[in-house]
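A.B. asks: Structure in structure tokens, see below.
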Amino acid sequence: MNRGRKSRPKNKKRLKIAIPKGRVLKDSLELLRNAGYISHPDKDYDSRRLIFDYEDDSVSLLIVKPWDVPTFVEYGASDAGFSGRDVLLEEPKNVYEPLDLKIGKCMIAVAAGTGFSNSTDIYFSKTNLRVATKYVHIAKDFFNRKGVANIQIIKLYGNIELAPVSGLSDLIVDLVSTGETLRQNKLTPVEEIAKISSRLVVNRASLKINPAEIHNLIEDLRAQVK
């Protein structure tokens, strides 16, 4: 339920919320709009500007790269933010994480070329198994828990699916949504590592300084998620 436009006392400092550019930007804006915190259409937040401080919005928005959202929140450059769970797992930050926003749903998974069986036996099939990923911490932790010691992690920043095709790696660890990109590159999911969605993260100092406003933000977004 949209509770209507949020009002704030004159001269009251607005909460700053960091939201990620890219695939969940539209859903993030819709959540905030439905909760009554912003009033403009998506196009008004789609420019080279990084801070949007419209007078008729009750919060200021910082639109930043997804991997930077938790950092902006941790250091107090924003009071709260919307961050993918993959980012929080890969680079843990000292932030409060009160709510699963249920947007940007996907998973982190292990995938392999079609020459491999859909079995975890693949992990022990070679003496030096190469795994390409940008999620180095997540991959290391996963394979350590599996007792797989024969791996070499190769960090890539993009085009992860090309690694097995080109012979760079045997496996990849990456985000999987529909699986279409994997299929187009003749890759098969082997095992899910973690379910991923966007989370509300809050700066711990802001929670103490503005407890009522942060609580209202959490509850208003929780109502939209339900």
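A.B. asks: What do you reckon, is Tyr45 at pLDDT below 95, more than 30 Å from Arg183 (Cα to Cα), of a type in the set (Phe, Trp, Tyr) and out of contact with any Gly (no Cβ under 8 Å at 6 or more places or on another chain)?
C.D. replies: Yes.
A.B. asks: Tell me whether the range 162-178 contains one or more residues that are surrounded by 15 or more Cβ atoms within 10 Å (Cβ to Cβ), in a loop (DSSP other than H, G, I, E, B) and of a type in the set (Gly, Ala, Ser).
C.D. replies: yes
A.B. asks: Collect the residues in the range 130-141 that are crowded, with 20+ Cβ neighbours inside 10 Å and either touching a Lys or Arg at 6+ places or on another chain (Cβ under 6 Å) or not hydroxyl-bearing (Ser, Thr, Tyr) (or both), keeping them in residue-number order.
C.D. replies: Within the range 130-141, Val131, Ala132, Ala139 meet the criteria.
A.B. asks: When the residues of the range 179-214 are filtered to those that are touching a residue at least 24 places away in the same chain (Cβ under 8 Å) and of a type in the set (Asp, Glu), which remaining residue is surrounded by the fewest Cβ atoms within 10 Å (Cβ to Cβ)?
C.D. replies: Glu192
Residue by residue, here is whether (1) touching a strand residue (DSSP E or B) at 6+ places or on another chain (Cβ under 8 Å); (2) within 30 Å of Glu74 (Cβ to Cβ); (3) of a type in the set (Phe, Trp, Tyr) holds:
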residue: Thr133; (1), (2), (3): yes, yes, no
residue: His137; (1), (2), (3): no, yes, no
residue: Gly147; (1), (2), (3): no, no, no
residue: Glu191; (1), (2), (3): yes, no, no
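A.B. asks: Follow-up question, since we're still on this one. Can you name every residue in the range 26-42 that is over 12 Å from Asp57 (Cα atoms) and at pLDDT below 95?
C.D. replies: Within the range 26-42, Asp42 is the sole residue that qualifies.
A.B. asks: I'd like to know if the range 72-91 contains one or more residues that are part of a loop (DSSP other than H, G, I, E, B), more than 19 Å from Arg23 (Cα to Cα) and modelled with pLDDT under 95.
C.D. replies: No, there is no match, as no residue in the range 72-91 is part of a loop (DSSP other than H, G, I, E, B), more than 19 Å from Arg23 (Cα to Cα) and modelled with pLDDT under 95.
The values are calculated or read from the model by the stated rules, or taken from the named source; none is laboratory data. Since the model is a prediction, treat every value here as computed from it, not as a measurement. For neighbour counting, all protein chains shown are included, and Cβ atoms are generated from backbone atoms with ideal geometry for every residue, glycine included.
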